[in-house]
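Here is the structure we will look at.
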Amino acid sequence: MTTTRIWTRKTVTITAPPVAISNHPDHYNYILYVNYDNITSISKTTATLQVVANPILNKKYSPIATKLYYNLRLLNADLVRYAAWYPYPKIGVAELEPPNYKNKTTSWKFGNELQQIFLDTWNSVVVKQKNNSKRLVITFSTQPAWVFNTTDWSYLNETNKADWKYAGKGVFTETTTKLVADYYGRFASWIINGEFHDEFGSLIGGGPKLGLGRGGVTHWEIFNEPEAEHTLSIEQYNKMYDAIVRNIRERVDPNHTIKFFGLSLLGHNEWDWWNGYLNLSNHEEDVHDAITNGYASFHFYALLSSRTNITTFTEVWSQLNVFLKEVDTIIKIRDELSPSTKLAINEAGVIPPDDNDNSVEESPPIYYNMVAAFYTVLWSHLSTKGIDIVGSSQYCGCPSILKWNISDRQYPGVTMTNWTTGNGNPRYWALKLILESTNHNNDQIVYSNVIESSTTSNSELEEVYIQGRITKKGDRIMIIVNKSYLQQTVLLPSVPSSRIRRENNNKNIVTISSNDDKGTYYYHVSMVDETTHDGPWKEFNLTTSTDGRLLMLNPFAVAVVRVIDSDINGKDRRSFGLLPKLIK
């Protein structure tokens, strides 16, 4: 057996250079404040990602595909979205031509590449563990072109070339609803039961037979950006949504265990769609529970004016602030019409200009640090609002790589991985740092604030972000992000005079004052920044003296700072948390 050492991290203790007490403001830009006794909200927001099926994941062409799947497995993310979309119809559509009623034959074909990319993604995410298997949201979002009113259902035979014209062919008719519902019902049956009967009663087998429930199929999304790909109206979408849910349930899910995702909107402020979808009176009664027990999804990409000018990268923050106001309106509509429906932003990222143009210059490495910072701040904000899922998009994209027969660009500015090595870039590592440092369910978010020092030069831009948390395990952490393209130095909060510790297997809760305990505090810092490149975060310790609390943040750095309480013998005590009012 061969053992591969993937990566290691070193931990060192750093003491900041001596500073004069009277001149502290000259040595840091911001003072950070956290009150762990003031719980402002409880997090339930899952941090995750989207995996889009494209040639870089196709083992027929990509020599790094195996490594990409391995690193996806190491990420250990839950509710990962698998999106097989329209530019590659042969890896996303299983019936590319209409049934031949004269010869009673069909074109059903689950090709090797369709199966390989889907099942390799499945096996990388749904790592079966006792009572804790991760879950994949299945999104075969592209409908066969022939289900719409068209005589052109042509498609490219090559799976390494993008067919940007496949979607949008034809128009919706009354027959479209039944055709598309039957198609997805059979597709789901092939995945879940391993077989189905085609339009003429012939048995089509060979499916993976993944089953239902934890460790099997749990979530299914209906379409992707429907208002764009086929310019559907909300009325047309609702009809197809209802019919697909009903068809899948009749064929494979009579107990209604699958959680369905609806909408998956591209645009913003599309209130007709939100009101039309979430209003249960617009749906058949037998599918109301699919909406009330399911998800409504939507997308958010910030846009840049330059691919390479680092000073323009801060354009994302004003767009994020506008988006957060839109989210508030969406929450209000949801709460009024279908309060139990969960909300998922399953595509979140940044798109630089002309990202699929082969003539453009690629963005510098620091760009991916900026997008990592952007996602971290977005996820943190949305955690306070009760959004259920925030998915970083996308796991892997790439430019044209002719030596691998990958001729078309697939949004290299949106990738979380290095398209030459298969390693994670800063976006991957920032997400992994979030996943390893927090728990989406029941983290306590506490009051936090950033205070400018007297020497802060740009008061118009909030250059540093902080969110304090008490994790489900009891760790007290701070998520700190440098939103600027300039280096920032911050003064970490001072250690509180009292804290709460769990003892005796978390059964007894004890409040200890610093005078009663001879232990000491220090800060453990995990940081993704421009110096960590496409590798894991660096780790170091800071002391809690005034000098030691200075933390330097490189441009667009993402840090998780954990407060460690060490007893007199040097043994770490990391369990904190629970509101004082909960102590009995």
Practice task
Kindly indicate whether Tyr70 is modelled with pLDDT under 95 and within 25 Å of Ile401 (Cα to Cα).
Solution key: no
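A quick yes/no check of all residues on (1) of a type in the set (Ser, Thr, Tyr); (2) in contact with a strand residue (DSSP E or B) (Cβ under 7 Å, 6 or more places away or on another chain); (3) modelled with pLDDT under 95:
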| position | (1), (2), (3) |
| --- | --- |
| Ser407 | yes, no, yes |
| Thr417 | yes, yes, no |
| Asn442 | no, yes, yes |
| Glu452 | no, yes, yes |
Fill in the blank from the handout: When the range 232-280 is checked residue by residue, the ones that are within 16 Å of Ile330 (Cα to Cα) and of a type in the set (D, E, K, R) are Glu270, Asp272
Exercise for the section: Go over the candidates Lys432, Lys385, Lys403 one by one and state the one that is in contact with a Pro (Cβ under 9 Å, 6 or more places away or on another chain) and modelled with pLDDT of 95 or more. Expected result: Lys432
Practice task
Filter the range 378-394 down to residues that are crowded, with 24+ Cβ neighbours inside 10 Å and in a loop (DSSP other than H, G, I, E, B), then give me how many there are.
Solution key: 1
Practice task
Report yes if Lys104 is at positive phi and out of contact with any Cys (no Cβ under 6 Å at 6 or more places or on another chain), otherwise no.
Solution key: yes
Exercise for the section: Would you be able to tell me the number of residues in the range 364-377 that are over 20 Å from Asn76 (Cβ atoms) and either buried (at least 23 other Cβ atoms within 10 Å of the Cβ) or among the aromatic types (Phe, Trp, Tyr) (or both)? Expected result: 7
Handout entry: Selected residue (criterion: surrounded by the fewest Cβ atoms within 10 Å (Cβ to Cβ)) from residues of the range 480-534 that are modelled with pLDDT under 55 and of a type in the set (Gly, Ala, Ser)
Key = Ser497
Fill in the blank from the handout: Looking across the range 265-304 at residues that are farther than 30 Å from Asn554 by Cβ and aliphatic (A, V, I, L, M), the single one that is surrounded by the most Cβ atoms within 10 Å (Cβ to Cβ) is Ala290
Practice task
Give the range 76-106 a look and list any residue that's under 24 Å from the mean Cα position of the chain (by Cα) and part of a helix (DSSP H, G or I), or say none.
Solution key: Ile91
Fill in the blank from the handout: If you go through Leu210, Leu179, Leu232, the only one that is touching a helix residue (DSSP H, G or I) at 6+ places or on another chain (Cβ under 7 Å), in a loop (DSSP other than H, G, I, E, B), more than 18 Å from Ala84 (Cβ to Cβ) and of a type outside the set (Gly, Ala, Ser) is Leu232
Fill in the blank from the handout: For the range 160-183 the number of residues that are of a type outside the set (S, T, N, Q) and at pLDDT 95 or above is 6
Exercise for the section: Among the numbered conditions (1) in a loop (DSSP other than H, G, I, E, B); (2) buried (at least 20 other Cβ atoms within 10 Å of the Cβ); (3) modelled with pLDDT of 95 or more, tell me where Arg186 comes up short. Expected result: (1)
Practice task
Specify which of the listed residues (Val126, Val137, Val171, Val147) is more than 31 Å from the chain's Cα centre (by Cα) and either surrounded by 15 or more Cβ atoms within 10 Å (Cβ to Cβ) or within 20 Å of Thr46 (Cβ to Cβ) (or both).
Solution key: Val147
Fill in the blank from the handout: Note: among Arg334, Arg307, just one is assigned by TED's automatic domain parsing to the domain that holds Tyr411, crowded, with 16+ Cβ neighbours inside 10 Å and either assigned to a strand (DSSP E or B) or touching a strand residue (DSSP E or B) at 6+ places or on another chain (Cβ under 7 Å) (or both), namely Arg334
Problem - Leading residue by the ranking (farthest from Ile222 (Cα to Cα)) among those in the range 154-176 that are β-branched (Val, Ile, Thr) and in a helix (DSSP H, G or I) - result: Thr175
Practice task
Count, please, the residues in the range 537-553 that happen to be surrounded by fewer than 19 Cβ atoms within 10 Å (Cβ to Cβ) and at pLDDT 90 or above.
Solution key: 5
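The values are calculated or read from the model by the stated rules, or taken from the named source; none is laboratory data. Values in this document were obtained by computation on a predicted structure and should not be read as measured data. In this analysis, Cβ positions are derived from the backbone assuming ideal geometry, glycine residues included, and neighbour counts consider all displayed protein chains.
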